[in-house]
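**Student:** Okay, here's the structure, questions in a sec.
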Amino acid sequence: MLLIPYLSLVAAWIVFGVLHSVLATETVKQTVRQWMGQYARYYRLCYSLLATVLLCVVLYYHFSCAALLLWQSSLIEKIIAIIFLTAGSCVMLLCINTYFMDLSGIDALMGKKRKFVLQTRGMHAYVRHPLYSGTILVVWALFLYQPYLHTLISASCITVYTVIGIRFEEKKLIKEYGEAYRVYQKQIPALIPFIYG
């Protein structure tokens with residue numbers, strides 16, 4: 001009985017991940033865009049809003065789970081966690097600032113078309129997916145700061161989903177940018193600077 005809320009949390013993250021990925025596939029996008037007709041340009045915005053709502057639901061459930069502390073963090077662990085949390089948050093904010101309009105779909109409200117340009121400068125010169133790197137840093141920093149079981153579960157689910165999601169995303173990026181992305185892929189690590197794979 002004690003494990004049911006935690007298993008439900010895993011299930012919630014799986015449902016979020018599956019929906020998030022399936023709705024991002026070209027097949028689903030094309031089908032929904034045909035159904036949307038003249039409003040097809042708003043698909044990305046609808047997708048972003050739905051993803052945000054689903055994420056809020058999962059996070060609400062996450063925070064409603066019993067706070068089962070796995071160990072008491074030491075002062076050094078808390079300091080390391082704060083450093084990682086700050087670094088990860090800065091990376092995420094810089095990424096959001098750089099391509100929020102494209103990612104969110106808000107550009108469609110302004111009548112702008114998305115610009116498909118391969119990003120290789122700035123943080124992209126060190127990792128191919130800086131937003132994901134920042135996210136992983138943040139979730140594990142939160143776990144290190146307060147090592148609760150539900151935070152461990154969420155951090156693990158987010159990390160696994162990110163690693164799996166990158167494989168699918170990179171197939172789309174290769175299709176979109178061709179050889180230029182293959183070359184970039186060989187030169188720059190996916191998530192951790194100087195660690196290739």
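The values are calculated or read from the model by the stated rules, or taken from the named source; none is laboratory data. The model shown is predicted, which means the values in this text are computed figures rather than measured ones. Heads up, the Cβs are rebuilt from the backbone with ideal geometry, glycines too, and the neighbour counts pull from every protein chain shown. Accessible surface areas use protein heavy atoms only, side chains included; no ligands, DNA or RNA. Shrake-Rupley method; radii C 1.70, N 1.55, O 1.52, S 1.80 Å.
**Student:** Look through Leu3, Leu9, Leu55, Leu19 and report the one residue that is more than 20 Å from Phe143 (Cβ to Cβ) and among the aliphatic types (A, V, I, L, M).
**Tutor:** Leu19
**Student:** Give the number of residues within the range 44-63 that are without any contact (Cβ under 8 Å) to a residue 24 or more places away in the chain and among the polar types (S, T, N, Q).
**Tutor:** 1
**Student:** Sort out which residues of the range 64-98 are free of Cβ contacts under 8 Å to residues at least 24 places away in the same chain and either surrounded by 14 or more Cβ atoms within 10 Å (Cβ to Cβ) or part of a loop (DSSP other than H, G, I, E, B) (or both), and write them in order of number.
**Tutor:** Scanning the range 64-98 gives Gln72, Ser74.
**Student:** Now a separate question. Any idea which of (1) surrounded by 12 or more Cβ atoms within 10 Å (Cβ to Cβ); (2) closer than 17 Å to Lys172 by Cβ; (3) in contact with a helix residue (DSSP H, G or I) (Cβ under 9 Å, 6 or more places away or on another chain) is the one Leu54 doesn't satisfy?
**Tutor:** All conditions pass for Leu54, except number (2).
**Student:** Here's something else I'd like to know. Give the range 118-173 a look and list any residue that's open to solvent by 60 Å² or more (accessible area, probe 1.4 Å) and among the basic types (Lys, Arg), or say none.
**Tutor:** Arg121, Arg167, Lys171, Lys172, listed by residue number.
**Student:** Are any residues in the range 11-32 surrounded by 15 or more Cβ atoms within 10 Å (Cβ to Cβ), assigned to a helix (DSSP H, G or I) and more than 14 Å from the chain's Cα centre (by Cα), and if so, which ones?
**Tutor:** Result: Ala12, Lys29.
**Student:** Answer yes or no as to whether Leu7 is farther than 30 Å from Lys171 by Cα, loosely packed, with under 14 Cβ neighbours inside 10 Å and touching a strand residue (DSSP E or B) at 6+ places or on another chain (Cβ under 8 Å).
**Tutor:** no
**Student:** Considering every residue within the range 41-48, establish whether at least one is under 17 Å from Leu152 (Cβ atoms) and either out of contact with any Gly (no Cβ under 9 Å at 6 or more places or on another chain) or open to solvent by less than 80 Å² (accessible area, probe 1.4 Å) (or both). Explain how you work it out, then say what you get.
**Tutor:** Going residue by residue through the range 41-48, those that are under 17 Å from Leu152 (Cβ atoms) are none.
No, the conditions are met nowhere in the range 41-48.
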